[in-house]
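Any read-out appearing in this document is the output of simple, stated calculations on the displayed coordinates, not a laboratory observation. Just so it is clear, the model here is predicted, and its values are computed rather than measured. Every residue, glycine among them, receives a Cβ derived from its backbone with ideal geometry; neighbour counts consider all protein chains shown.
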Amino acid sequence: MSSYSFANVVRKLPKVRSEKKVILVSGTFDLLHIAHIRFLHVAKKYGDILVVLTYTDKTVKFKKGNERPIISDKYRA
């Protein structure tokens with residue numbers, strides 16, 4: 001895909017899904033570490049395209065506390 005914006009991915013998914021198997025995962029991915037990398041590698045093995053969603057800063061703060069996220073959603077994306 002030429003652009004990775006959410007709107008472009010959603011717009012292109014119906015066509016892509018008819019040709020390829022798409023795997024969708026989501027998470028905080030704040031302070032990316034080896035377990036995240038392993039998780040993403042395993043998830044990718046289940047399909048042709050891996051789409052990774054990251055939680056917004058507001059959601060991370062709600063789930064993990066006021067001191068999080070350490071890395072803003074702009075950079076985590």
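Structure notes:
- L50 paired with I23, simple spin-label distance in nm, labels 7 Å along Cα-to-beta-carbon: 0.6
- With contacts taken as Cα pairs under 8 Å at a separation of at least 6 residues, the chain carries a relative contact order of 31 percent.
- Selection among I34, P69, I23 by position relative to the dipole of the chain gives I23 as farthest towards the positive end (Cβ unit charges, Cα centre).
- Estimated FRET transfer efficiency (K63, L13; beta-carbon r; R0 25 Å; 0.05): 0.45
- Semi-axes of the equivalent ellipsoid of the chain are 25, 15, 9 Å, computed as sqrt(5λ) over the eigenvalues of the C-alpha gyration tensor in descending order.
- Between S72 and S5, the simple spin-label model (points 7 angstrom out along Cα→Cβ) gives 1.9 nm.
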